[in-house]
There are 4 protein chains.
Amino acid sequence: MNKIIAEVSIIPLGAGTSISWLVAEAVKVLQESGLKYQLTSMGTIIEGPWGEVMDTIQEMHEKVFQSGALRVSTSLKIDDRRDGKEVSMERKVKAVEEKLS
Amino acid sequence: MNKIIAEVSIIPLGAGTSISWLVAEAVKVLQESGLKYQLTSMGTIIEGPWGEVMDTIQEMHEKVFQSGALRVSTSLKIDDRRDGKEVSMERKVKAVEEKLS
Amino acid sequence: MNKIIAEVSIIPLGAGTSISWLVAEAVKVLQESGLKYQLTSMGTIIEGPWGEVMDTIQEMHEKVFQSGALRVSTSLKIDDRRDGKEVSMERKVKAVEEKLS
Amino acid sequence: MNKIIAEVSIIPLGAGTSISWLVAEAVKVLQESGLKYQLTSMGTIIEGPWGEVMDTIQEMHEKVFQSGALRVSTSLKIDDRRDGKEVSMERKVKAVEEKLS
């Protein structure tokens with residue numbers, strides 16, 4: 001099964017400027033999915049098959065509404081590589097770091 | 001059924017610098033979906049229910065691989081509003097334009 | 001002078017869910033710049049040299065703070081092409097549309 | 001001086017599917033800037049004042065052309081917060097993680 005790497009950023013509107021608690025609600029949904037992920041200061045990176053990743057992102061987005069948001073702006077970037085190179089979050093960072101030293 | 005407005009941008013890698021023919025292949029898939037859309041110089045804006053929009057974006061993304069790309073970077077931004085205000089591509093632009101004049 | 005095409009989307013946080021008046025304040029700044037632009041339902045597309053475009057985006061971003069926002073999330077995508085093909089917002093859309101018919 | 005947190009992703013077109021060496025060239029420019037940054041599998045997060053961050057991103061973008069790319073798609077997301085809360089890459093991640101446990 002082909003794996004993608006996706007970065008998602010969920011911005012609730014109308015919920016004030018301190019939104020980390022809403023982001024945390026979405027991340028709890030992600031944790032229950034069992035998918036591999038990494039939190040960064042600008043989003044959440046998720047690794048897995050397209051269907052599982054997208055279903056989980058939809059659940060995360062819904063959770064932010066259920067937690068009180070009235071408008072949500074969700075951004076998503078997908079890297080999908082099928083040229084035979086193995087894909088993982090770690091390998092992508094390592095590939096750049098090796099060329100820096 | 002709640003409608004979202006989504007903007008999608010699909011960038012094929014390893015297919016040279018002239019990629020409009022690959023974008024056109026993806027847009028043909030979108031046209032067959034029957035969803036309302038608008039082409040812009042930086043992406044394609046689609047309006048519809050989450051499930052239909054996302055399924056269509058997956059098909060567009062797959063089509064770019066089937067047309068020869070070996071790696072695809074797909075970006076997506078979703079605006080989902082549930083505060084009772086009616087949502088459409090036209091209304092969003094009009095809401096800003098009215099405040100400019 | 002090399003021209004870029006940039007799409008900018010400015011999201012004010014802590015300003016409620018109806019933000020078109022804040023977007024309009026930013027667009028007024030853009031109008032004063034004299035740069036070519038197009039409003040879409042998901043952002044604003046701007047055409048011009050890097051320096052002018054970026055200075056204008058900074059002024060738009062600042063304007064949203066001056067108008068009352070306390071936190072602003074600004075997204076930007078730049079298409080910069082230097083392979084000899086002429087670049088413009090209209091040509092990019094036309095290049096795709098020609099391949100659809 | 002107000003600090004922003006920005007995430008930048010630079011995609012060279014017409015340079016094949018293995019682009020980590022081009023990303024590494026851009027990161028070398030960033031390292032020379034002295035700005036605080038973090039590499040992730042989907043982009044590079046940079047912290048600093050608007051002017052310094054943007055000048056560095058322009059240099060990174062130019063470097064990718066100088067290294068051989070003919071077209072470059074650069075995406076950027078800026079988080080700018082002026083509600084009195086201290087801003088840093090670490091604090092943003094910590095704020096979410098504290099609410100998860």
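What follows is calculated from the coordinates using simple rules that are stated; it is not laboratory data. Just so it is clear, the structure is predicted and the values come from calculations on it, not from any experiment. Please note: Cβ atoms are built from the backbone with ideal geometry, for glycine as well, and neighbour counts cover all protein chains shown.
What to note about this one:
- Taken about its Cα centre, segment D:1-59 carries a charge dipole of roughly 140 debye when the Cβ of each Lys and Arg holds +1 and the Cβ of each Asp and Glu holds -1.
- Axis proximity, chain C to D: residue whose C-beta lies nearest, plus whole-Å distance: C:Leu76, 2
- Values of log10 I(q)/I(0), in the order q = 0.19, 0.21, 0.23 Å⁻¹, for chain A under a Debye, Cα-only, solvent-free model: -0.91, -1.05, -1.19
- Filtered GluC sites (Glu not before Pro), segment A:55-101: DSSP coil and at most 12 other beta carbons within 10 Å: A:Glu86
- Computed from backbone phi with θ = phi - 60° and the Karplus coefficients 6.51, -1.76 and 1.60, the 3J(HN,Hα) list for segment B:41-50 is 6, 10, x, 10, 9, 10, 10, x, x, 3 Hz; x is used for glycine and proline.
- Placing +1 on each Lys and Arg Cβ and -1 on each Asp and Glu Cβ, with no other charges, gives the protein assembly as shown a dipole about its Cα centre of roughly 0 debye.
- Number of partner chain Cβ atoms within 10 Å, mean per residue of B:4-11: 4
- Within the protein assembly as shown, helix-based [θ] at 222 nm, where runs of 4 or more DSSP H residues each add -39,500 (n - 2.57), nearest 500: -14000 deg cm²/dmol
- Note on D:Lys3: lysines with a C-alpha under 16 Å away, same-chain residues under 8 apart excluded, are D:Lys36, D:Lys77, D:Lys85, D:Lys92.
- Across chain C, the longest run free of exposed loop sites, meaning trypsin sites (Lys or Arg not before Pro) lying outside DSSP classes H, G, I, E and B with no more than 14 other Cβ atoms within 10 Å, spans C:1-81.
- Shortest-first nm distances, B:Lys3 label point to equivalent points in other copies (7 Å, Cα→Cβ): 3.3, 3.9, 4.4
- Placing a label point 7 Å from Cα along the Cα-to-Cβ direction at C:Lys28 gives distances to the equivalent points in the other copies of 4.3, 4.7, 4.8 nm, listed shortest first.
- The local environment of B:Gly84, defined by Cβ-Cβ distances under 14 Å, has a net charge of +3 under the rule Lys, Arg +1 and Asp, Glu -1.
- Radius 15 Å from Cβ of D:Glu32, net charge of other residues (Lys, Arg +1; Asp, Glu -1): -2
- Across the copies of the chain, A:Glu62 has label points (7 Å from Cα along Cα→Cβ) spaced 2.2, 4.5, 5.0 nm apart, shortest distance listed first.
- Residue with peak Gaussian network fluctuation, chain C [Cα springs, cutoff 10 Å], from C:Gly34, C:Gly43, C:Gly84: C:Gly84
- For D:Ser18, no residue has an amide H sitting under 5 Å from its own, ignoring neighbours fewer than 5 places away on the same chain, with H placed 1.01 Å from N.
- Charge dipole (debye, nearest 20) of chain D; +1 at Cβ of Lys and Arg, -1 at Cβ of Asp and Glu: 220
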